Amino acid sequence: MGTPRVGYTGYIEEELHHDYGGDTVFGFWIYILSDCVLFATLFAVFAVLQNNFAGTIDARDLFELDYVLAETGLLLTSSFTFGLAVLSANQKSMRGLVGWLMVTFGLGTGFLYMEINEFIHFTHEGAAAWSSGAWSAFYALIGTHGLHVFAGMLWMLVLFGLLFKEGLSENNIVRLMCLSLFWHFLDIIWICVFSFVYLMGVL
Amino acid sequence: MAHVQTENTHGPGGSAHGSLSEYMVGLSLSIILTAIPFAIVMSGSLNETTSIVLILLCAVGQVMVQLVFFLHMNTSSEQMWNSVSAVFVILLVMILIVGSVWIMQHLNHNMLMGH
């Protein structure tokens with residue numbers, strides 16, 4: 001970001017004062033939207049295959065809503081604590097930022113732990129990813145969301161390193177903003193997951 | 001260095017900062033909109049159609065709450081491209097999901113007819 005740009009359309013003065021951080025965040029927003037399309041295809045697959053149990057155990061007999069509610073609580077709270085981390089960053093409070101990010105990381109870990117536990121439990125009950133079309137679609141959708149959460153947590157670890165190295169630099173704020181978009185986006189996807197997969201699956 | 005040439009309330013890329021009260025309201029609304037559909041399904045007191053409609057309404061409501069209170073989307077000119085691209089993607093998502101379900105249902109229907 002510090003490098004001077006030799007613009008071939010350099011006759012526009014404002015070009016030199018361009019908001020590169022803004023471009024990065026907007027570019028990341030476009031990525032998030034393309035990720036929405038990815039999840040839409042997985043939701044469509046699930047919608048089409050959700051009743052094709054092919055003799056394997058039915059989702060109705062396996063889903064435990066208390067458990068899903070707890071998972072939802074963890075992810076929802078983590079979205080809120082991430083918001084607090086961003087607020088701390090705006091107030092230039094490094095301690096607040098790192099503290100709330102760590103809380104968010106902890107909540108994310110709890111969520112992933114519960115999700116993996118659930119997958120293991122389901123697989124033992126005869127609902128493995130290879131059992132039937134419905135269960136393959138289920139694992140593809142929920143697993144992709146889980147992988148995203150995992151990626152978000154790796155990103156948090158990298159950001160911790162960068163924060164300790166560079167402090168609250170402009171670059172780090174832009175990175176934090178992108179991660180914030182990503183994390184809230186995952187929460188939004190989870191809302192669709194618990195509504196369409198779990199709640200409607202049990203009805 | 002990047003020249004962040006925006007108002008107090010807006011960060012890079014039209015991302016707004018929000019305030020603590022905004023996040024608190026967002027969290028409270030999210031909790032309510034999560035509790036309602038879970039309560040409906042867990043109690044099983046309503047019939048299926050009503051339940052589905054209520055779950056859908058709560059889901060849409062909660063996504064809106066998250067977009068407004070956590071992602072701070074609004075219709076300001078700084079965010080025009082964020083919003084326009086999002087609306088386009090909502091259209092794509094609808095075509096993908098509704099289209100897939102529609103086609104596959106017709107396919108099932110036609111297969112049964114030939115049976």
Review point. Is it fair to say A:VAL48 is at pLDDT below 95 and assigned to a helix (DSSP H, G or I)?
Key: yes
Exercise for review: Run down A:LEU69, A:LEU75, A:LEU38 and say which single residue is part of a helix (DSSP H, G or I) and in contact with an Asp or Glu (Cβ under 6 Å, 6 or more places away or on another chain).
Suggested key: A:LEU75
Exercise for review: Identify the single condition in (1) modelled with pLDDT under 95; (2) surrounded by fewer than 20 Cβ atoms within 10 Å (Cβ to Cβ) that A:ALA59 does not satisfy, given that it satisfies every other one.
Suggested key: (2)
Check your understanding: When you look at B:SER21, is it more than 10 Å from chain A (Cβ to nearest Cβ), modelled with pLDDT of 90 or more and either surrounded by 14 or more Cβ atoms within 10 Å (Cβ to Cβ) or in a helix (DSSP H, G or I) (or both), yes or no?
Key -> yes
Study note, to complete from the structure: For the range A:166-186, pairs from a residue that is over 15 Å from A:LEU107 (Cβ atoms) to a residue that is of a type in the set (Ser, Thr, Tyr) and not in a helix (DSSP H, G or I), with Cβ under 9 Å and 6 or more apart or across chains, are A:LEU168/A:SER93; A:MET177/B:SER15; A:LEU181/B:SER15
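Confirm whether A:GLY106 is part of a helix (DSSP H, G or I), surrounded by fewer than 19 Cβ atoms within 10 Å (Cβ to Cβ), more than 8 Å from every other protein chain (Cβ to nearest Cβ) and among the small types (Gly, Ala, Ser). Lay out the reasoning, then the answer.
On the way: part of a helix (DSSP H, G or I): yes; surrounded by fewer than 19 Cβ atoms within 10 Å (Cβ to Cβ): yes; more than 8 Å from every other protein chain (Cβ to nearest Cβ): yes; among the small types (Gly, Ala, Ser): yes.
Taking the combined requirement at face value, the residue satisfies it.
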Check your understanding: Hey, A:LEU159 hits all of (1) out of contact with any Lys or Arg (no Cβ under 7 Å at 6 or more places or on another chain); (2) part of a helix (DSSP H, G or I) but one; which does it fall short on?
Key -> (1)
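So which residues in the range A:163-203 are more than 30 Å from A:PHE138 (Cβ to Cβ), within 8 Å of chain B (Cβ to nearest Cβ) and among the hydrophobic types (A, V, I, L, M, F, W, C)? Break it down into steps so the answer makes sense when it comes.
Initial filter on the range A:163-203 (more than 30 Å from A:PHE138 (Cβ to Cβ)): A:163-177.
The next check asks that each one be within 8 Å of chain B (Cβ to nearest Cβ); those that pass are A:170, A:173-174, A:177.
Listed by number, the residues that qualify are A:ILE173, A:VAL174, A:MET177.
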Review point. For the subset of the range A:19-35 comprising residues that are over 19 Å from the mean Cα position of the chain (by Cα) and part of a helix (DSSP H, G or I), which member is farthest from A:TRP190 (Cα to Cα)?
Key: A:TYR20
Review point. Hey, A:PHE82 hits all of (1) of a type in the set (A, V, I, L, M, F, W, C); (2) at pLDDT below 95; (3) surrounded by 20 or more Cβ atoms within 10 Å (Cβ to Cβ) but one; which does it fall short on?
Key: (2)
Check your understanding: From the list B:SER76, B:SER85, which residue is facing chain A (nearest Cβ under 8 Å), hydroxyl-bearing (Ser, Thr, Tyr) and surrounded by 13 or more Cβ atoms within 10 Å (Cβ to Cβ)?
Key -> B:SER85
Practice item. Can you work out which of the residues in the range A:110-128 that are closer than 22 Å to A:PHE53 by Cα and of a type in the set (Phe, Trp, Tyr) is farthest from the chain's Cα centre (by Cα)? Key: A:PHE122
Revision key, fill the gap. Inside the range A:41-90, the number of residues satisfying the requirement of being among the β-branched types (Val, Ile, Thr), closer than 19 Å to A:ASN117 by Cα, under 21 Å from the mean Cα position of the chain (by Cα) and more than 7 Å from chain B (Cβ to nearest Cβ) is 1
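The values are calculated or read from the model by the stated rules, or taken from the named source; none is laboratory data. The model shown is predicted, which means the values in this text are computed figures rather than measured ones. Quick reminder, even Gly has a Cβ in these numbers, built from the backbone with ideal geometry, and neighbours come from all protein chains shown.
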